[in-house]
Each structure stands twice: as structure tokens, then as C-alpha cells.
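For reference, the structure discussed in these notes is given below.
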Amino acid sequence: MEEVIYKSKPLTPIEQKLQEKFAEEVANQAGLMDSMGKQLLSLELAMVGIYATVLKLISGESATLETGWSVGITFLFWFMSVVLTVLAIFPQEYKVDSSKMDEIKAYFQKSARHKAKMLIGSVTLFFMGVTVSVFTI
């Protein structure tokens with residue numbers, strides 16, 4: 001078998017900094033998802049309050065609002081949206097052997113992917129609720 005010699009050179013300071021920044025970004029993805037989830041939760045709760053206020057203004061003080069399927073479905077979608085957002089924000093427990101780099105990388109990927117799926121579902125349900133709410137006004 002022929003011996004193969006590979007030539008290499010150490011990383012430049014710029015390349016080292018880029019590697020560090022890349023690692024920081026990968027590790028920070030779950031934190032960014034948490035931040036987005038907190039803002040989404042605020043929006044979802046505010047929208048429910050605004051919607052309830054608009055329904056009250058439309059119905060008047062002495063009038064009764066005929067609640068049909070659309071109001072119920074609207075609040076159901078928004079409730080499920082809030083539940084998914086809260087599940088995305090709360091941390092999950094992962095078993096990670098900190099001596100294995102592959103498991104550490106997998107932890108960051110699984111955590112961010114889980115939060116992203118929950119938030120995408122939450123946004124979808126939220127906008128479905130907004131869409132259905134149009135039929136109530």
C-alpha cells in the first residue's frame with residue numbers, strides 16, 4: 001500500500017473566528033426559537049383580547065351575539081395555538097453524553113427542530129383562527 005501524505009496548514013485567525021461564530025449560532029438556535037415563541041405568545045393572547053372586544057362592540061350593550069360554529073372554532077384554534085407555543089417554550093429533557101461530540105451536536109439540532117415544529121404548528125393554527133374569525137364579524 002502506498003503511503004499518502006496530506007499537507008495542511010493551521011487555520012488563520014479569521015477562519016478560527018468563523019468556526020467559533022458558526023458553533024455559537026448552532027448552539028443559539030433553540031434560544032432564538034424561545035425568543036420567537038415568547039413574542040408569538042404575546043401576539044396570540046393580545047389577539048384573543050382584541051377579538052373579544054370587537055365582538056362586544058359589534059353586538060352592542062343590550063344586543064346578544066349569536067355565537068355559531070365559527071366563534072367556537074376560532075377560539076379552539078387560538079387555544080391550540082397557545083398550547084403549542086407554550087410547549088415550544090418549555091424545555092424538554094434530553095439524555096446527552098457530554099463526552100461525545102456527536103450527541104452534543106444532535107442535542108442542539110433536536111432541540112431547535114422540536115421548537116421549530118411546535119412554533120410552525122402554532123402559527124398555522126393561529127392564522128387558521130384568524131381566517132375563521134372573519135366569518136364571525
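Going through region 1-24 one residue at a time, which ones are within 18 Å of S111 (Cβ to Cβ) and exposed (fewer than 11 other Cβ atoms within 10 Å of the Cβ)? Please lay out each step first, then the result.
At the first step, the residues of region 1-24 found to be within 18 Å of S111 (Cβ to Cβ) are 22-24.
Listed by number, the residues that qualify are F22, E24.
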query: Taking region 23-39, which residues are without any contact (Cβ under 8 Å) to a residue 12 or more places away in the chain and not hydrophobic (A, V, I, L, M, F, W, C)?
result: E24, E25, N28, G31, S35, Q39
message: Considering only region 27-39, I want to know if a residue exists there that is among the small types (G, A, S), out of contact with any helix residue (DSSP H, G or I) (no Cβ under 9 Å at 6 or more places or on another chain), modelled with pLDDT of 85 or more and within 30 Å of S133 (Cβ to Cβ).
response: yes
message: If I ask for residues that are at pLDDT 85 or above and either exposed (fewer than 12 other Cβ atoms within 10 Å of the Cβ) or not in a helix (DSSP H, G or I) (or both), which ones from region 50-80 would you list?
response: I50
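The values are calculated or read from the model by the stated rules, or taken from the named source; none is laboratory data. Here the structure is a predicted model, which is why all the values come from computation and not from measurement. Note: ideal-geometry Cβ built from the backbone for every residue, glycine included; neighbour counts use all protein chains shown.
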